[in-house]
1. In debye to the nearest 20, how big a dipole does chain B give about its Cα centre with +1 on each Lys and Arg Cβ and -1 on each Asp and Glu Cβ?
2. Given 4 °C and 1.567 mPa s, compute D for chain B with the Stokes-Einstein relation, Rh being the Kirkwood radius over Cα pairs; round to the nearest whole µm²/s.
3. With n ≥ 4 as the cut-off for DSSP H runs, can you work out [θ] at 222 nm for chain B, using -39500 (n - 2.57) per run divided by the number of residues, rounded to the nearest 500?
4. Net charge around B:Q75, counting only other residues with Cβ within less than 12 Å of its Cβ (Lys, Arg = +1; Asp, Glu = -1)?
5. If I fit a long axis through the Cα atoms of helix B:9-23 and take the longest principal axis of the Cα atoms of chain B, what angle between them do I get, 0 to 90°, rounded to 10?
6. How many Cβ atoms of partner chains, on average, are near each residue of A:120-132 if near means within 10 Å of its Cβ?
7. Among the listed pairs B:K34/B:K124; A:K155/B:K45; A:K87/B:K124; A:K164/B:K45, which have their C-alpha atoms separated by more than 18 angstrom in this model?
8. What is the angle, in °, between the Cα long axis of helix A:13-27 and the longest principal axis of the Cα atoms in chain A? Nearest 10 is fine, range 0 to 90.
Amino acid sequence: MARKIPEIPAASLADIAFMLLIFFLVTTTMDVDSGLERRLPPMPPPDQEDDDTPPIKERNVFVVLVNANNQLLVEGEVSRVEDLREKAKEFMANPYNEENLPEKEVKEIDFFGPVEVTKGVISLRNDVGTQYGTYIAVQNELVGAINDLREELAKQKFGKSYEKLDRDQQGAVRDIYPSRISEAEPKKVGGN
Amino acid sequence: MPPISTASLPDIVFMLLFFFMVSTTMREVNLMVKVGLPAATELSKLEKKSLVSYIYVGTPHNQYQRVFGSEPRIQLNDQFARVSDIQDYITSEREARDEAEVPFMITSLKVDEYTKMGIVTDIKQELRKASALHINYSSRKREDL
């Protein structure tokens, strides 16, 4: 006595699928997270002596200070965020080998041969009361300065944008313009 | 003129449906703090979402202000946290991932523009102690320049 099983109507399938589709369309957020990528220095071991690193020469350091009123002091001069990029680029490149800008050191680098590589370090120190937005703007300009220099070098040497170079070429360009942005250790670390 | 066959309509819709289902990332945390990201130009994208742990910092939303005050607070997962909780958070995030993926993990700091640096510096120190050194200051794209 096999009873006839009635067929399931498939006409409403499309409607159901549409409903689900609309649900996912509405809930989807297609935002891509992006931001400034940085690497923190590793924590020094607690038993380490403070003064075993050789002092860095004054001409090799690009000092950027930001105070609690979000004002900038760049190499001893009051400055604006907009001018920071040019100054940092001039410091890192030192095109005319000036006395007060960083020293260079000849290094052997793939694709380029012996190149003069700067010994410059950018040092950034901020106040506890500095606004995060300002801090990011300053970081952005400093990272931007180095990115600009790399881009120019890549265009000049390979005739291509830095992004389009292969891994070894990028490494060579990175060796010539290393990203040396150091942040001062906070003087005192308090709890929250 | 013959009518257009709609028999393949469900298939098309299902295809779209699967696309959206796969590409959807459900926001797994409710933001309890206001985060207005700063703007920047030198952005890099966060490639692998599964390897990112988030730290939110900002002033609490109005309904939480009665309890938590109006000073910037840290949010980890779904609750307010203190600076000292960050190391535990990083450890638990690491344990949730495959061991081989741990070195590639990134911590994304979503910090409100108007927060003072004091709290951010404290967070950075904690991250250094936890050796979560690869960080990303989340920011939005600035159009000018």
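The values are calculated or read from the model by the stated rules, or taken from the named source; none is laboratory data. Not measured: the values here are computed from a predicted model. Methodologically, a virtual Cβ is constructed for each residue, glycine included, from the backbone with ideal geometry; neighbour enumeration extends over all protein chains shown. All accessible areas refer to the heavy atoms of the entire protein, side chains included, with ligands and DNA or RNA removed. Shrake-Rupley method; radii C 1.70, N 1.55, O 1.52, S 1.80 Å.
1. Working: 18 positive and 19 negative charges, 77 e Å.
Here chain B has a charge dipole of around 360 debye.
2. On the way: Rh = 17.8 Å.
Value of D from the Cα-based Kirkwood radius: 73 µm²/s.
3. Values: 4 runs with 45 residues, N = 145.
Result for chain B: -9500 deg cm²/dmol, rounded to the nearest 500.
4. +1
5. The answer is roughly 10 degrees.
6. On the way: counts 0, 0, 0, 0, 0, 0, 5, 4, 7, 3, 6, 7, 16.
Rounded to a whole number, the mean comes out at 4.
7. On the way: B:K34/B:K124 20 Å; A:K155/B:K45 23 Å; A:K87/B:K124 27 Å; A:K164/B:K45 16 Å.
The answer is B:K34/B:K124; A:K155/B:K45; A:K87/B:K124.
8. 20 degrees
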